[in-house]
Amino acid sequence: MQNKSKYKSLAEWKQKCPLAYSVAIKKGLLRNICKKFGWKINNPIGFWNIKKNVLKDAKIFKTKAEWKKNNSSPYASAVKNGWLNECCKHMTTSIKTKHYCKKDAKRFTTRTQWLKESKTIYHYAHDKGWLIECCSHMISIKKPNGYWTKEKCIEEARNFNSTKEWSSISSSSYSVAKTKGWLDDCRAHMKERKRATSGIWTKEKCIKDAKNYTGRFEWQLKNKTAYLSALKNGWLNKCCSHMIKYAKRKI
């Protein structure tokens, strides 16, 4: 038997108690409250942009396919926001054979699509060396010049847990980010990057150290470690922006 409330509907409660309604959304309690009082629920705008709500919904399902089929909105939000692995960690997925990976890959037309929607299986196939075979039916789409903006590089990098993984699987976006000096922003979520910030040659320290020199060669000669750190991380142009550019002599 459902409990009775002094409010006849969810809309009435929302109108008369907006603060309580807001707290219920943030804490992921709205569904339980509606079920308790027998109210029909229409999720408010932005409901599936709250991670706690998406995680709670995912718990209902045993597999990604079941979740996507029965409640596509929170599933799509998990994919978009990079929460899919965390949401699905309780789900049972038997990844043991190449056949299983190939079967899963058949659902997608591009590598990027497979990576974003079935990341665990994609990486498993990659680690086992089955990627080329699994993706043989897929369309290879070459990105046009200028496609990899800073925002798209950051979004792409969120699919990976390390720089090595990113550079090996999506080399084009990684190369652009490195050339443009966007690596710091793109790798902000990576654990390796968080550890690296406590090291000696951060971007700020490289820029500061470079100010002591008038040319790249001088900097490389007198502080090779800082120079190489800037080169490796894509900070070189930024660090050397103050330096004098010498014209090449004509022979």
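Laboratory data are not the source of any read-out in this text; all were calculated from the coordinates shown. Worth saying up front: this structure is predicted, and the values here are computed from it rather than measured. Glycine also receives a Cβ, built like all others from the backbone with ideal geometry; neighbour counts cover every protein chain displayed.
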Tilt relative to the chain, helix 224-233 - C-alpha long axis, 0 to 90 degrees, to 10: 40 degrees
Nearest 10 degrees, 0 to 90: helix 171-180 Cα axis against the chain principal axis: 60 degrees
CD proxy at 222 nm, helix term only [per DSSP H run n ≥ 4: -39500 (n - 2.57); per residue of the chain; nearest 500]: -15000 deg cm²/dmol
Environment charge at T109 (Cβ cut-off 13 Å; Lys +1, Arg +1, Asp -1, Glu -1): +3
Extension gain (nm, one decimal) between K36 and A11, 0.36 nm per residue minus Cα-Cα: 7.5 nm
For the chain, projected area of the alpha-carbon convex hull averaged over all directions, nm²: 21.2 nm²
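What does the charge add up to near A65, with Lys and Arg as +1, Asp and Glu as -1, over the other residues with Cβ less than 10 Å from its Cβ? It would help to have the intermediate numbers written out before the result.
On the way: positive: K62, K64, K68, K69, R107; negative: E66, D104.
My count for the surroundings of A65 gives +3.
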Dipole magnitude (debye, nearest 20) for the stretch 150-239, charges at Cβ of Lys, Arg, Asp, Glu: 240 debye
Ordering of 210-222, 163-175 by burial proxy (mean other Cβ atoms within 10 Å per residue, highest first): 163-175, 210-222
Calculated FRET value between N85 and D185, using beta carbons and R₀ = 25 Å, to 0.05: 0.70
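For the chain, what is the charge dipole size about the Cα centre, in debye to the nearest 20, if Lys and Arg each add +1 at the Cβ and Asp and Glu each add -1 at the Cβ?
320 debye
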P(r) histogram, all alpha-carbon pairs of the stretch 150-239 included - 5 Å bins from 0, percent: 3, 15, 25, 22, 16, 11, 6, 2
